[in-house]
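Okay, structure first, notes after.
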Amino acid sequence: MSTFDWVIQLIYVFSASCFVLGLHLMNNPASARRGNQVSTSGMIIAVAATLAIIIHGHLISGTGWAVMIAGALLGAGAGLYSARTVQMTAMPQLVSMFNAVGGGAAALVGVHDYMSAGARVSSTTTVTTLLDVIIGAVTFSGSLIAAGKLQGVINSAPVTFPGARIVNILLAAVALGLGAYLIASPSTVLLTVVIVAALAFGVSMVMPIGGADMPVVISLLNAFTGTAVAMAGFVIGNWALIIAGALVGASGGILTKLMADAMNRSIRNIIVGGFGTGDAVAAVAGPAGDVHAIAADDAAIQLAYASKVIIVPGYGLAAAQAQHEVAALADLLESRGIEVSYAIHPVAGRMPGHMNVLLAEANVPYPQLKEMDEINPEFARADVALVIGANDVTNPAARRPGTAISGMPILNVDQAKSIIVIKRSMGHGYAGIDNELYVDPKTSMYFADAKKALAEMTSAVKTLVA
Amino acid sequence: MYPALLVDVTIFVLALWVGFEVISKVPATLHTPLMSAANSIHGIVLAGAMLIAVTANNAVGYVIAFIAAAFAAANVVGGYVVTGRMLKMFKRRPAVPPAGAAAPAVTAAANGSSQKGHNA
């Protein structure tokens, strides 16, 4: 190993350390920005080191330079534009797109390596190459479908057909079986078949998954991308890629587990099950018992004379894009000396932590955003719990065995002294069961779109206290 | 038997454990920026994409190199920019505290109405 190689390897290790440190600094909102900067520096150093390798080797052709620079500039421009213009509500789609291109690039590294290797002797590197290609291709097509579903371009309801599961298994078998065969006898044609099968598997894996399960799917695809990048690292023998890929794989894995637990579903159940209601609110008969519907004025009286209000935002708030309206109401209540905090369930929104970003965008200070375990003991002291577009995560039935959501972690909304629920209809959440909270005598229902309802309540409170 | 591969596998497994350890400490509040940050980190695949351009020697190779470079660059640049944009929004208190700003307004309104009462 030459001195140059040594220096480059050490630089890569330094970059990888920056990634770890950057992620470590994200354990607190106050230091998170610095974490991102540290991580960015690591990345710039790693790219510079790679450029140094290319220049040092004198191996690249003029065409090679042109292709590389043109591609990178085009990609960087597209990435910069989408990152600057994306709406915070559309964050899950963008993250999905980045998963797609990351997985796609990793797959291409593998494809190129396989094709340029020719008659290779080492079968172990071929294993990692094929894993890279297969995982990368599955991530690419799967993430594109997920992004399409989130954007509403593709039907977000589970799309399935009889025998879908068999097709799925068949595609996976083709990709893996042929892949194994390719280790022994290289063939570009068969590699194409493997790629097509892997791409088709990505599509058929995500299509049957409903919109409500998207937080889990995005996390899982994120883990896939990380693994694909790590495999690409094995292929080109680059430690920075291996470490970065492993970090992302771990992150995606942890988030997948957290999301699945918070939704009371096993990962296998989500991938194989293919249910979940998606965006549509089913108009089904409400639970037995009296539902107490109220108007904006009644809600305003309860809110204006409370001393502690806990806001419980859910998927409905994100769907109605009402984060600014809820922040305006909260500001008004705070100006009257009322203690306001937000109870955020882990699966509120469309991806892990999505609700926090939406509320941060609406200028809600992050100390007001409380995680489930932190806020649950406080509900008993709250005068009003204002539930906006959240359903299953507030259903006390989860505490009893024998229901569809038994064992699911919920917010203890029912312990508040009074409860106001803003909801478009008595429709079910994705678990498809009645919410016992709605027939609780302490609960008042306000039937409206979240955005409209919050604006009405805010003006009603203003009129009341003027 | 393949000592280089063994080293790679060791690094991979240890990095996975480091990842689990570091990331399990990230609060749920930051999970979206975390995933976005992880996204930008896997943009390191750009290094791999750049190296394709070195060994490419035919049209197919150059097309692959071009697409890979574009994908990876979009990933890495977009990822870091959007993560930064999100993290900038997380504030302990907004620049103009709404409580402080709104409170005088309410008092003013109350004074106004009481004055009106006097006038009547």
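The values are calculated or read from the model by the stated rules, or taken from the named source; none is laboratory data. Note that the coordinates shown come from a computational prediction; the quantities given were computed from them, not determined experimentally. With ideal geometry, Cβ positions are generated from the backbone for all residues, glycine too; neighbour counts draw on all protein chains shown.
Being closer than 20 Å to residue A:30 by Cβ and either more than 10 Å from every other protein chain (Cβ to nearest Cβ) or outside any loop (DSSP other than H, G, I, E, B) (or both) is the filter here, so list the residues in region A:359-408 that pass it.
The initial filter retains those residues of region A:359-408 that are closer than 20 Å to residue A:30 by Cβ, namely A:359-371, A:374.
Scanning region A:359-408 gives A:359, A:360, A:361, A:366, A:367, A:368, A:369, A:370, A:371, A:374.
Among the residues of region A:142-177, how many are farther than 23 Å from residue A:221 by Cα and surrounded by 13 or more Cβ atoms within 10 Å (Cβ to Cβ)?
0
Considering only region A:1-103, give the helices (runs of 4 or more DSSP H) lying wholly within it that have at least 1 residues that are touching a strand residue (DSSP E or B) at 6+ places or on another chain (Cβ under 8 Å). Please lay out each step first, then the result.
On the way: elements: A:3-25, A:29-57, A:62-85.
In region A:1-103, no matching helices (runs of 4 or more DSSP H) lie anywhere.
For a quick check of your reading of the model, give me the residue pairs whose first member lies in region A:155-180 and is under 22 Å from residue A:191 (Cβ atoms) and not assigned by TED's automatic domain parsing to the domain that holds residue A:209, whose second is at pLDDT 85 or above and in a loop (DSSP other than H, G, I, E, B), with beta-carbon atoms closer than 6 Å and at least 6 apart or on different chains.
Short answer, once both residue conditions are applied: none.
Determine which single condition residue A:337 fails, assuming it passes every other condition in (1) modelled with pLDDT of 90 or more; (2) over 20 Å from residue A:432 (Cβ atoms); (3) buried (at least 17 other Cβ atoms within 10 Å of the Cβ); (4) at the interface with chain B (Cβ under 10 Å from one of its Cβ atoms).
Result: residue A:337 passes all but (3).
From the list A:68, A:88, A:26, A:43, which residue is in contact (Cβ under 8 Å) with a residue 40 or more places away in the chain and either hydrophobic (A, V, I, L, M, F, W, C) or facing chain B (nearest Cβ under 9 Å) (or both)? Reasoning before the result, please.
Details: A:68 fails: in contact (Cβ under 8 Å) with a residue 40 or more places away in the chain; A:26 fails: in contact (Cβ under 8 Å) with a residue 40 or more places away in the chain; A:43 fails: in contact (Cβ under 8 Å) with a residue 40 or more places away in the chain.
On inspection, the qualifying residue turns out to be A:88.
For every residue, the table says whether it meets (1) at pLDDT below 90; (2) outside the structural domain of residue A:442 (by TED's automatic domain parsing); (3) under 24 Å from residue A:90 (Cβ atoms).
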residue	(1), (2), (3)
A:344	no, no, yes
A:385	no, no, no
A:393	yes, no, yes
A:407	yes, no, no
A:417	no, no, no
A:422	no, no, yes
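Inspect region A:447-458 for any residue being closer than 28 Å to residue A:260 by Cβ and either crowded, with 17+ Cβ neighbours inside 10 Å or free of Cβ contacts under 8 Å to residues at least 12 places away in the same chain (or both) and give the result as yes or no. Spell out how you get there, then give the answer.
If we filter region A:447-458 for residues that are closer than 28 Å to residue A:260 by Cβ, which is where we start, we get A:450.
Next cut, either crowded, with 17+ Cβ neighbours inside 10 Å or free of Cβ contacts under 8 Å to residues at least 12 places away in the same chain (or both) only: A:450.
For region A:447-458, residues closer than 28 Å to residue A:260 by Cβ and either crowded, with 17+ Cβ neighbours inside 10 Å or free of Cβ contacts under 8 Å to residues at least 12 places away in the same chain (or both): present.
What's the number of the condition residue A:177 fails, among (1) farther than 20 Å from residue A:103 by Cα; (2) touching a Phe, Trp or Tyr at 6+ places or on another chain (Cβ under 9 Å)?
(2)
Residues to consider are A:78, A:52; find the one that is farther than 18 Å from residue B:36 by Cα and hydrophobic (A, V, I, L, M, F, W, C).
Numbers: A:78 fails: farther than 18 Å from residue B:36 by Cα.
Step by step, each of A:78, A:52 is checked, and only A:52 is farther than 18 Å from residue B:36 by Cα and hydrophobic (A, V, I, L, M, F, W, C).
Quick check, is residue A:131 more than 8 Å from chain B (Cβ to nearest Cβ) and within 24 Å of residue A:220 (Cβ to Cβ)?
Details: more than 8 Å from chain B (Cβ to nearest Cβ): yes; within 24 Å of residue A:220 (Cβ to Cβ): yes.
Taking the combined requirement at face value, the residue satisfies it.
Inside region B:19-53, can you point out the residues that are surrounded by fewer than 20 Cβ atoms within 10 Å (Cβ to Cβ), within 7 Å of chain A (Cβ to nearest Cβ) and part of a helix (DSSP H, G or I)?
B:20 - this is the single residue of region B:19-53 that is surrounded by fewer than 20 Cβ atoms within 10 Å (Cβ to Cβ), within 7 Å of chain A (Cβ to nearest Cβ) and part of a helix (DSSP H, G or I).
Out of A:318, A:300, A:330, report the one residue that is within 29 Å of residue A:223 (Cα to Cα), assigned to a helix (DSSP H, G or I) and out of contact with any Cys (no Cβ under 6 Å at 6 or more places or on another chain). So that I can check it myself, show each step before the final result.
On the way: A:300 fails: within 29 Å of residue A:223 (Cα to Cα); A:330 fails: within 29 Å of residue A:223 (Cα to Cα).
The conditions single out A:318.
It is to be established whether one or more residues within region B:67-83 are surrounded by fewer than 24 Cβ atoms within 10 Å (Cβ to Cβ) and either modelled with pLDDT of 95 or more or part of a helix (DSSP H, G or I) (or both).
Residues of region B:67-83 that are surrounded by fewer than 24 Cβ atoms within 10 Å (Cβ to Cβ), as a first pass: B:67, B:81.
Subsequent filtering for residues that are either modelled with pLDDT of 95 or more or part of a helix (DSSP H, G or I) (or both) retains B:67, B:81.
Yes, that holds for at least one residue.
Can you find a residue in region A:191-206 that is within 14 Å of chain B (Cβ to nearest Cβ), within 24 Å of residue A:88 (Cα to Cα), under 25 Å from the mean Cα position of the chain (by Cα) and not aromatic (Phe, Trp, Tyr)?
The answer is no, given that none of the residues of region A:191-206 is within 14 Å of chain B (Cβ to nearest Cβ), within 24 Å of residue A:88 (Cα to Cα), under 25 Å from the mean Cα position of the chain (by Cα) and not aromatic (Phe, Trp, Tyr).
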